[in-house]
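Before any comments, here is the structure.
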Amino acid sequence: MLCFGIGRQIPRGGQEWQVPVLLDIRNVTKTYDGANARPVLRDVSMTLNRGQTVALTGESGSGKSTLLHLSAGLDAFDGGEITVDGTALSSLDDTGRAALRRDTVAVVFQQFNLIPSLTVAQNLSFHARMAGRLDTAWLQELTGRLGLADLTDRYPEHLSGGQQQRVAIGRALAGRPALLLADEPTGNLDETASGAVLDLMLDLVALSGTALFLVTHSRQIADRLDRHVHLSGGKIA
Ligand SMILES: Nc1ncnc2c1ncn2[C@@H]1O[C@H](COP(=O)(O)OP(=O)(O)O)[C@@H](O)[C@H]1O
Ligand SMILES: [Mg+2]
């Protein structure tokens, strides 16, 4: 998509021109309703470029999940603007936000959120199929790299936590989204499974050219990404 006004434009593939900035969070504020409500996010600004990997850290309750939810169009912000792939989220209605998550932005949460009545193979292809972007060769490659080739006929309840999260990551990347938002994706896994899943996720986003915005507690993981931002007192440091 050709879009003016955000960042410098760079040529891609020799033909098409695309802006490098994929996610632009500008002066965003968010307060949840309720008694004694205080702003969770105050004037948060940051950008994430195409293909870039950025770690988001911060104390528990500092607003990391809130920022990811807002970026995915899962909740509304009070002030400022979030622009994803040239589209201002404030301009979208529910249908537009659903289309954004179908076509551009994938999310992986701490809870695996697989569909229990579908097999591994059906879960893996679900989102890409909905988006009309099922690429069987890519899906097969993902399945193999995620170590799921022998598990495709199983149902989620017969998988370990690490296996379930690998399915969730494969499902998220099957449609080659421009952006993957991952909120402590290994928070429910033990240390060994966590390391293996994160390694796979980093390899696969690099392979697919997907940008990654990853909430993590691990300084070690944060150091492996292109950039690291820290949320504190409702602001990004
Ligand atoms: N849906 C909600 N309604 C009211 N308060 C919320 C809601 N979600 C989060 N909060 C509050 O907003 C603050 C930030 O939460 P969150 O974004 O989940 O932080 P983090 O992910 O960094 O732990 C916390 O004080 C939390 O209690
Ligand atoms: Mg959180």
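Just so it is clear, none of the values below were taken in a lab; they were calculated from the coordinates. All values derive from a computational prediction rather than experimental measurement. Every residue, glycine as well, gets a Cβ built from its backbone with ideal geometry; the counts of neighbours run over all protein chains shown.
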Counting only residues 5 or more apart in sequence or on a different chain, those whose built amide H sits under 5 Å from that of HIS228 are ALA55
For GLY80, the residues 5 or more places away or on another chain with a placed amide H closer than 5 Å to its own amide H are THR29
Given backbone amide H placed at 1.01 Å from N, residues whose amide H is under 5 Å from that of GLY58, ignoring those fewer than 5 places away on the same chain, are LEU231
per DSSP, antiparallel bridges as share of beta bridges in the chain, % nearest 5, sits at 50 percent
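Taking the radius of gyration and the Kirkwood hydrodynamic radius from Cα positions alone, what is the Rg/Rh ratio for segment 32-82, to two decimal places?
Rg divided by Rh gives 0.97.
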Projecting the Cα atoms of PRO156, LEU212, ILE25 onto the charge dipole of segment 5-236, where Lys and Arg contribute +1 and Asp and Glu -1 at Cβ, the residue farthest towards the positive end is ILE25
Log entry: pair-distance distribution for segment 164-237, C-alpha pairs binned every 10 Å from zero, whole % per bin is 17, 54, 25, 3
Per DSSP, the loop-located trypsin sites (Lys or Arg not before Pro) within segment 72-147 having at most 13 other beta carbons within 10 Å are none
Compactness check, the chain: C-alpha Rg relative to the 2.2 N^0.38 Å globular estimate gives 1.00
With -39,500 (n - 2.57) per DSSP H segment of 4 or more residues and division by the full residue count of the chain, the 222 nm estimate, nearest 500 deg cm²/dmol, is -9500 deg cm²/dmol
Projected area averaged over all directions for the convex hull of the alpha carbon atoms of segment 82-164, nm², comes out at 6.6 nm²
The size of the Cβ-based charge dipole (Lys, Arg +1; Asp, Glu -1) of segment 5-236 about the Cα centre, to the nearest 20 debye, is 380 debye
Expected vector for segment 82-87, Karplus 3J(HN,Hα) from phi with 6.51, -1.76, 1.60 and θ = phi - 60°, integer Hz, x for Gly and Pro, equals 10, 10, 10, 6, x, 10
Among SER60, GLN165, VAL105, the residue whose Cα sits farthest towards the positive end of the charge dipole of the chain, when +1 is placed on the Cβ of each Lys and Arg and -1 on the Cβ of each Asp and Glu, is VAL105
Sequence order, segment 212-218: Karplus ³J(HN,Hα) from phi using 6.51 cos²θ - 1.76 cosθ + 1.60, θ = phi - 60°, Hz rounded, Gly and Pro as x, gives 10, 10, 10, 7, 8, 8, 8
Computed ³J(HN,Hα) along segment 48-56: with the Karplus parameters 6.51/-1.76/1.60, θ = phi - 60°, integer Hz and x for glycine or proline, the list is 9, 8, 4, x, 7, 10, 10, 8, 10
